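The values are calculated or read from the model by the stated rules, or taken from the named source; none is laboratory data. Keep in mind that this is a model prediction, so the values were computed, not measured. When we count neighbours, we look across all protein chains shown, and the Cβ atoms used for this are built from the backbone with ideal geometry, even at glycine.
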């Protein structure tokens, strides 16, 4: 009686576990109903617009454009106007003619250092533009990787839910066979353990999908969980190789342009110590004798209109401050040059690492695909033998006939091999995208994505 009670209790537990698994599946399916399929192209576009790194890089581009304009505009005459009236009557000689208003025009006429500064501003703008492209590519890479992974995890989750259904059916089969005394209690416990392990795997996939949904929500600015991947919107990722010709990465190009800008800035600071600078100045004063006795100090009355112009020549003779500034700029230029070389070497190392990883993952994906095909063929064989028998009959030494449990195990194994193959393809795709970006060909794939 005690054994029968235990079996009945386990039967109820198995049915309860199956009901809970079904309820979890329905809850998950209900939650996906509020999702809408969003293409990868839309996700990438939203991620690039929403990216803080992209917006910061765009601000740097705007600043670079302003610096270029500022460096050039010193040659355009600037006009300033000032006016003022005395509050109290003036007494005595004030040192300068009293005026109602004055206008001044100034402009730079000749400066060799300024030419270097203009070139430095242009290089800074090119660096900012390269950083903007690099930030856009990185935002696209992050969004694409998360989107493709969510697409794969969603398919794995569907397979895991099927596995749970097969496991629940297997538990019911073992429950009945245990009650009938055909199989020992151990077989039932092993079936329940398989179901529990599959539940843990399914919960892991659900947590992973939720994390990816949150990540995509942060990247795109869309509500969390509102993105359902559209597998058809994902273009094929090129099978790139590390020995392909690399285009200079935008991040490396930005570092090189920064180094060039720093060097030109240093050249300008050094030239300031050796070359003269010419400026044009013109000034007009509208003088007044109101509330003052200025005419008492001059032989002739103070003229109302006064105009003066000239070329101001500044010749450097001895300025230790400028010399120290030149050395500081030269040191900064050297540092930027070394940093650019370091960035290029790091990118070369990354290409080598990704190339080795890609070869290994390609082999692993092939192995996983073959295992899936073998598992699918094994499932067909098991189903056929269950329908027609294995041909051994009941003769002594003949192989035992398969039980329905074997079919559920084969179904579970086939779905597991499917999930393994999907994981292998995911890692392969992410590595290919990384290598594509390291080689500088990310924009080619983005152009293909936009045309899809």
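Assorted remarks:
- Residues that are closer than 30 Å to residue 250 by Cβ and surrounded by 17 or more Cβ atoms within 10 Å (Cβ to Cβ), drawn from the stretch 358-391: 358, 361, 365
- Among residues of the stretch 225-238 that are surrounded by fewer than 16 Cβ atoms within 10 Å (Cβ to Cβ), those with a beta-carbon under 9 Å from a residue that is in a loop (DSSP other than H, G, I, E, B) and modelled with pLDDT of 90 or more at least six positions away or on a different chain give the pairs 232/39.
- Test for residue 80: is it at pLDDT 85 or above and either outside any loop (DSSP other than H, G, I, E, B) or touching a helix residue (DSSP H, G or I) at 6+ places or on another chain (Cβ under 8 Å) (or both): yes
- Only listed residue being in contact with a strand residue (DSSP E or B) (Cβ under 7 Å, 6 or more places away or on another chain) and buried (at least 18 other Cβ atoms within 10 Å of the Cβ), chosen from 125, 188, 150, 108: 150
- Residue 330 being more than 30 Å from residue 75 (Cβ to Cβ) and touching a helix residue (DSSP H, G or I) at 6+ places or on another chain (Cβ under 6 Å): no
Residue-by-condition table, conditions (1) out of contact with any helix residue (DSSP H, G or I) (no Cβ under 9 Å at 6 or more places or on another chain); (2) on the phi < 0 side of the Ramachandran plot:
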{"position": "221", "(1), (2)": "no, no"}
{"position": "231", "(1), (2)": "no, yes"}
{"position": "251", "(1), (2)": "no, yes"}
{"position": "257", "(1), (2)": "no, yes"}
{"position": "261", "(1), (2)": "no, yes"}
{"position": "264", "(1), (2)": "no, yes"}
{"position": "275", "(1), (2)": "no, yes"}
{"position": "311", "(1), (2)": "yes, yes"}
{"position": "314", "(1), (2)": "yes, yes"}
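- Filtered residues of the stretch 292-307 (kept if assigned to a strand (DSSP E or B) and surrounded by 11 or more Cβ atoms within 10 Å (Cβ to Cβ)): 306
- Of all residues in the stretch 166-189, none that is in contact (Cβ under 8 Å) with a residue 12 or more places away in the chain and on the phi > 0 side of the Ramachandran plot has its Cβ atom under 9 Å from the Cβ atom of a residue that is part of a helix (DSSP H, G or I) and surrounded by 22 or more Cβ atoms within 10 Å (Cβ to Cβ), 6 or more apart or on another chain.
- Qualifying residue in the stretch 16-35 (condition: surrounded by 12 or more Cβ atoms within 10 Å (Cβ to Cβ), at pLDDT 50 or above and under 32 Å from the mean Cα position of the chain (by Cα)): yes
- When we screen 169, 126 for residues that are assigned to a helix (DSSP H, G or I) and at pLDDT 95 or above, the only hit is 126.
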